[in-house]
Amino acid sequence: MVYNYLRNFLNPADFHIDIYDKHIHITNYDKIITLGTNKIIIKTTSKKLILEGNNFSLNKLADKELLISGTLINLEIKDE
C-alpha cells in the first residue's frame, strides 16, 4: 500500500485534481478545451471536467500540470 502511494507520488500517471480555497491544481490531463475567466473545460483520458467560477487565471502551465487561481462555484465531471 505505501509502495503504491509513493510510486504514484513520484511518478503519477493518472489524472489528479486538488481544490483549495482560491486555487485548483490539476495534473495529468490530456487537453485544455476552454480556458476563460469564468469557465474552464479540461479533457482527461475518460472524462471531461467543467469548472465554473469567477476570476479564473492561469498561474502555472507546465507539462501536464495546471495551477489556476480564482473562485470555484461549480465542478461538473462527465464521462466521455
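The values are calculated or read from the model by the stated rules, or taken from the named source; none is laboratory data. None of these values were measured; they are calculated from a predicted model. Note that we place each Cβ from the backbone using ideal geometry, even for glycine, and neighbour counts take in every protein chain shown.
Among the criteria (1) more than 15 Å from residue 16 (Cα to Cα); (2) among the β-branched types (Val, Ile, Thr); (3) not in a strand (DSSP E or B), the one residue 40 does not fulfil is (3). Based on this model, can you work out whether residue 60 counts as without any contact (Cβ under 8 Å) to a residue 40 or more places away in the chain and not acidic (Asp, Glu)? Taking the combined requirement at face value, the residue satisfies it. Quick one: in the stretch 23-37, of everything that is outside any strand (DSSP E or B) and modelled with pLDDT of 95 or more, which residue is nearest to residue 78 (Cα to Cα)? In this case the residue turns out to be 36.
Which of the following residues is part of a strand (DSSP E or B), of a type in the set (D, E, K, R) and more than 13 Å from the chain's Cα centre (by Cα): 60, 78?
On the way: 60 fails: more than 13 Å from the chain's Cα centre (by Cα).
Within the list 60, 78, the selection yields 78.
Filtering the stretch 24-50 to residues that are over 19 Å from residue 14 (Cα atoms) and within 13 Å of the chain's Cα centre (by Cα) leaves 34, 35, 39, 40.
Does at least one position in the stretch 2-17 carry a residue that is outside any loop (DSSP other than H, G, I, E, B), surrounded by 11 or more Cβ atoms within 10 Å (Cβ to Cβ), modelled with pLDDT under 95 and β-branched (Val, Ile, Thr)? Quick ask: steps written out before the conclusion?
Initial filter on the stretch 2-17 (outside any loop (DSSP other than H, G, I, E, B)): 2-10, 16-17.
Imposing the further condition that a residue be surrounded by 11 or more Cβ atoms within 10 Å (Cβ to Cβ) reduces the set to 7-8, 16-17.
Subset that is modelled with pLDDT under 95: 7-8, 16-17.
Imposing the further condition that a residue be β-branched (Val, Ile, Thr) reduces the set to 17.
Scanning the stretch 2-17, I find at least one residue that is outside any loop (DSSP other than H, G, I, E, B), surrounded by 11 or more Cβ atoms within 10 Å (Cβ to Cβ), modelled with pLDDT under 95 and β-branched (Val, Ile, Thr), so the answer is yes.
In the condition set (1) surrounded by fewer than 11 Cβ atoms within 10 Å (Cβ to Cβ); (2) in a loop (DSSP other than H, G, I, E, B); (3) modelled with pLDDT of 95 or more, residue 73 is compliant with all but (2).
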